[in-house]
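Asks: Encoded as structure tokens, here's the structure I'll be asking about.
The values are calculated or read from the model by the stated rules, or taken from the named source; none is laboratory data. None of these values were measured; they are calculated from a predicted model. Cβ: placed from backbone, ideal geometry, glycine included. Neighbour counts: every protein chain shown. Note: accessible area is taken over every heavy atom of the protein model, side chains too, but ligands, DNA and RNA are not part of it. Shrake-Rupley method; radii C 1.70, N 1.55, O 1.52, S 1.80 Å.
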Amino acid sequence: MNGAKCEIPLAICADMYGCPNRCAHCWIGHMPNLPMAPDADERIMEKFRPYFDAIEFYSWLREPDFCADYRARWERDKRLSVNCVPERFELASFWRLVRDPEYVKFLKEVGVPRVQLTFFGMEETTDRYIGRKGAFRELLRATEILLENGILPRWQAFINEENRSELISLLRLSEELRLKERCAEQGGEFRFFVHPGGCDGENRRLYGIRIVREHIPEELKPYFLDLDDHRAESEFVSEWKDDASHFVPHRDERIVIYVSNENDLFFNFTHMRPEWRIGNLKTDPTNELIRRIVEEDIPALNEAKRITLGELVRAYGDPDSQRAFEEYDYKTYLLNAHLEKRYAEDHDGKDGDVR
Ligand code: SF4
């Protein structure tokens, strides 16, 4: 940085309160809930303000509104932001929706038109994948609360080899509950969609049961997100085995930085594991952290610029696998396999698990 402020917009998402769930697919990875100090938000912004023209501040990166004073919290997030207003997104805490009757009113007030709810099958499976008994019933109750208050529910379901048949039952349940008709009565559309998710974070551990393209039930195909973009792993392996290009994740139109509850910084490219750490807000000099962020100069990305796609797929791809991936997700899977191995080698064989 040469003294002028960076004109690329920045979004900071700080894990100030944690998450009530421990989803088996969580793409950023599981972390303990360690509430940050009440003034951590101001301390974080003090570090970034001198370097950026526009900063959106979010006090959450896992469960939104997972703090008792969510109204004051939202006002404070807006106040802390610089030259812009943070977004609300189509997200909410279903944990809070079923426990706090005021919360849905708040969502209405701040203009949330639709809320996404995540399933993994029927009751036993969804509870197990979310990591809490009662989660499935809470999701159904949250659906009702949203509809009663004029907010549309959107059901997303993660599919794999274990739950593929069960998701048909989930689709049938949405029909029995007349969600399509009830959303239409409110002038909106009920959305139900199915996808396997990326293969980073906790979902990486589910690689063994990742859905095989031919096993996607016919009934679910109309609801499968970007079905035509999903190909078998074996196709990628054969297509890329001599590919000399590099897969280097890069920011979109803005920089998004995750701040862990221990003040470690990460890009939003993939999971929050040590090999992706940018540095620490408390122990590293701020100007050096900003340089690494703006120039995308961290060991993981430098290694990505060094190793070719062909080398990655030859080392970590399975030529016999019919597991379904989208191209970007499969590239991320390969790169993470490599980075994890390198990290373990550099740290006496210990893997890079942050938990
Ligand atoms: S996926 Fe979201 S709700 Fe589930 S554990 Fe991760 S952060 Fe929490």
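Asks: Tell me, please, whether a residue that is among the polar types (S, T, N, Q) and either free of Cβ contacts under 8 Å to residues at least 40 places away in the same chain or open to solvent by less than 30 Å² (accessible area, probe 1.4 Å) (or both) can be found in segment 160-168.
Replies: First, pick out the residues of segment 160-168 that are among the polar types (S, T, N, Q): 160, 163, 165.
From the residues that got through so far, the ones that are either free of Cβ contacts under 8 Å to residues at least 40 places away in the same chain or open to solvent by less than 30 Å² (accessible area, probe 1.4 Å) (or both) too are 160, 163.
Checking segment 160-168: at least one residue is among the polar types (S, T, N, Q) and either free of Cβ contacts under 8 Å to residues at least 40 places away in the same chain or open to solvent by less than 30 Å² (accessible area, probe 1.4 Å) (or both).
Asks: For segment 285-308, how many residues meet the condition of being within 24 Å of the chain's Cα centre (by Cα), assigned to a helix (DSSP H, G or I) and surrounded by 14 or more Cβ atoms within 10 Å (Cβ to Cβ)?
Replies: Number satisfying all stated conditions: 10.
Asks: Among the residues of segment 4-48, count how many are away from the ligand (no atom under 13 Å from the Cβ) and either open to solvent by 20 Å² or more (accessible area, probe 1.4 Å) or in contact with a Gly (Cβ under 9 Å, 6 or more places away or on another chain) (or both).
Replies: So the count comes out to 15.
Asks: Still on this structure, I have one more. Provide a single number: the residues in segment 186-227 that are hydrophobic (A, V, I, L, M, F, W, C) and without any contact (Cβ under 8 Å) to a residue 60 or more places away in the chain. I'd like the intermediate steps shown before the answer.
Replies: Taking segment 186-227 first, the residues hydrophobic (A, V, I, L, M, F, W, C) are 190, 192-194, 199, 206, 209, 211-212, 216, 220, 224-225, 227.
The next check asks that each one be without any contact (Cβ under 8 Å) to a residue 60 or more places away in the chain; those that pass are 190, 192-194, 209, 225, 227.
So the answer is 7.
Asks: Please work out if VAL256 is over 24 Å from GLU87 (Cβ atoms) and of a type outside the set (D, E, K, R). Full working, then the answer.
Replies: Numbers: over 24 Å from GLU87 (Cβ atoms): no; of a type outside the set (D, E, K, R): yes.
So VAL256 fails the test.
Asks: Give the residue that is nearest to the chain's Cα centre (by Cα), with candidates limited to residues of segment 200-235 that are in a loop (DSSP other than H, G, I, E, B) and surrounded by 12 or more Cβ atoms within 10 Å (Cβ to Cβ).
Replies: Just the residues of segment 200-235 that are in a loop (DSSP other than H, G, I, E, B), to begin with: 200, 210-211, 216-217, 225-226, 230.
If we keep only those that are surrounded by 12 or more Cβ atoms within 10 Å (Cβ to Cβ) as well, we get 200, 210-211, 216-217, 225, 230.
Numbers: ASP200: 9, ARG210: 18, ILE211: 19, ILE216: 23, PRO217: 26, LEU225: 16, HIS230: 19 Å.
Per the criteria, the residue is ASP200.
Asks: Another question, if that's okay. How many residues are buried (at least 17 other Cβ atoms within 10 Å of the Cβ) and more than 19 Å from GLY197 (Cβ to Cβ) when one looks only at segment 318-338?
Replies: Residues in segment 318-338 being buried (at least 17 other Cβ atoms within 10 Å of the Cβ) and more than 19 Å from GLY197 (Cβ to Cβ): 1 in total.
Asks: I'm told ASP53 meets every condition in (1) touching a residue at least 40 places away in the same chain (Cβ under 8 Å); (2) within 16 Å of the ligand (Cβ to nearest atom) except one. Can you identify the failing condition by its number?
Replies: It fails just one condition, (2).
Asks: In addition: Which of (1) farther than 24 Å from ILE255 by Cβ; (2) more than 16 Å from the ligand (Cβ to nearest atom); (3) in a helix (DSSP H, G or I) is the odd one out, the single condition ARG73 does not satisfy?
Replies: Going through (1) farther than 24 Å from ILE255 by Cβ; (2) more than 16 Å from the ligand (Cβ to nearest atom); (3) in a helix (DSSP H, G or I) one by one, ARG73 breaks only (1).
Asks: For segment 76-87, what are the residues that are open to solvent by less than 50 Å² (accessible area, probe 1.4 Å), in a loop (DSSP other than H, G, I, E, B) and either at pLDDT below 95 or over 22 Å from ILE151 (Cβ atoms) (or both)? Before you say what the answer is, go through the steps one by one.
Replies: So in segment 76-87, the residues open to solvent by less than 50 Å² (accessible area, probe 1.4 Å) come out as 77, 80-82, 84, 86.
Remaining after also requiring in a loop (DSSP other than H, G, I, E, B): 81, 84, 86.
Once the filter is applied, which keeps residues that are open to solvent by less than 50 Å² (accessible area, probe 1.4 Å), in a loop (DSSP other than H, G, I, E, B) and either at pLDDT below 95 or over 22 Å from ILE151 (Cβ atoms) (or both), segment 76-87 yields SER81, CYS84.
Asks: Let me spell it out: the conditions are (1) closer than 30 Å to LEU170 by Cα; (2) more than 16 Å from the ligand (Cβ to nearest atom); (3) open to solvent by 30 Å² or more (accessible area, probe 1.4 Å), and TRP95 meets all of them except one. Which number is the exception?
Replies: Going through (1) closer than 30 Å to LEU170 by Cα; (2) more than 16 Å from the ligand (Cβ to nearest atom); (3) open to solvent by 30 Å² or more (accessible area, probe 1.4 Å) one by one, TRP95 breaks only (2).
Asks: Now a separate question. Between LYS341, LYS331, LYS305, which is within 30 Å of GLY3 (Cα to Cα) and basic (Lys, Arg)? Outline the logic, then answer.
Replies: Values: LYS341 fails: within 30 Å of GLY3 (Cα to Cα); LYS331 fails: within 30 Å of GLY3 (Cα to Cα).
The match here is LYS305.
Asks: So, in segment 236-255, exactly how many residues are surrounded by fewer than 15 Cβ atoms within 10 Å (Cβ to Cβ) and assigned to a helix (DSSP H, G or I)?
Replies: Residues that pass the stated criteria total 2.
Every residue, every condition in (1) over 24 Å from LEU225 (Cβ atoms); (2) without any contact (Cβ under 8 Å) to a residue 24 or more places away in the chain; (3) assigned to a helix (DSSP H, G or I); (4) among the hydroxyl-bearing types (Ser, Thr, Tyr), yes or no:
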position: LEU117; (1), (2), (3), (4): no, no, no, no
position: GLY121; (1), (2), (3), (4): no, no, no, no
position: GLU124; (1), (2), (3), (4): yes, yes, yes, no
position: ARG128; (1), (2), (3), (4): no, no, yes, no
position: ARG132; (1), (2), (3), (4): yes, no, no, no
position: ARG137; (1), (2), (3), (4): yes, yes, yes, no
position: THR143; (1), (2), (3), (4): no, no, yes, yes
position: LEU147; (1), (2), (3), (4): no, no, yes, no
position: TRP155; (1), (2), (3), (4): no, no, no, no
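Asks: Go through (1) within 28 Å of ARG292 (Cα to Cα); (2) of a type in the set (A, V, I, L, M); (3) surrounded by 20 or more Cβ atoms within 10 Å (Cβ to Cβ) and name the single condition VAL115 misses.
Replies: It fails just one condition, (1).
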